[in-house]
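Reading through the structure tokens given below for one structure.
The values are calculated or read from the model by the stated rules, or taken from the named source; none is laboratory data. This is a predicted model, so every value here is computed, not measured. Cβ placement follows ideal geometry from the backbone for every residue including glycine, while neighbour counts extend to all protein chains displayed.
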Amino acid sequence: MYRNIILLSALATLAGCASLELNEGGEKVRVLDPSEIETCRELGRTNTTTTAKVMGIDRPIETIAKELRIVARNSASNMGGDTIVPLTVIEEGAQTFMVYKCVNPDG
């Protein structure tokens with residue numbers, strides 16, 4: 001019985017992560033390197049988080065990174081941005097991104 005509860009909890013947690021999707025605006029947000037944003041206007045920062053462990057087991061870093069980028073791109077679109085650049089490394093399921101407007105930055 002206990003084993004079934006653990007399995008159901010893990011599946012529910014993973015299902016919640018799987019539902020994370022880009023919104024319409026987030027689909028238009030690019031992820032660039034710092035060297036590529038010279039002509040862009042800085043709009044601010046967005047702090048992102050996702051689940052780093054499920055039932056004490058580390059999730060794959062690739063999955064965590066993908067989810068953090070989705071959250072950051074959605075957030076950037078809500079801020080009026082079209083570009084994000086990672087500011088920090090991923091640490092315990094959290095990462096900070098800078099948000100920029102690069103397409104028509106003065107408009």
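A few comments on the model shown:
- Scanning region 24-77 for residues that are of a type in the set (S, T, Y) and surrounded by 13 or more Cβ atoms within 10 Å (Cβ to Cβ) turns up T46, T48, T49, T50, T51, T63, S75, S77.
- Within region 79-100, the set of residues being more than 16 Å from I37 (Cβ to Cβ), under 12 Å from the mean Cα position of the chain (by Cα) and assigned to a strand (DSSP E or B) comprises A94, Q95.
- Among the candidates R73, R41, the residue that is more than 10 Å from the chain's Cα centre (by Cα) and at pLDDT 95 or above is uniquely R41.
- Residues in region 60-79 that are of a type outside the set (V, I, T) and touching a residue at least 12 places away in the same chain (Cβ under 8 Å): A65, E67, L68, R69, A72, R73, N74, S75, A76, S77, N78, M79.
- In region 49-76, residue nearest to V31 (Cα to Cα) [restricted to those that are basic (K, R) and outside any helix (DSSP H, G or I)]: R59
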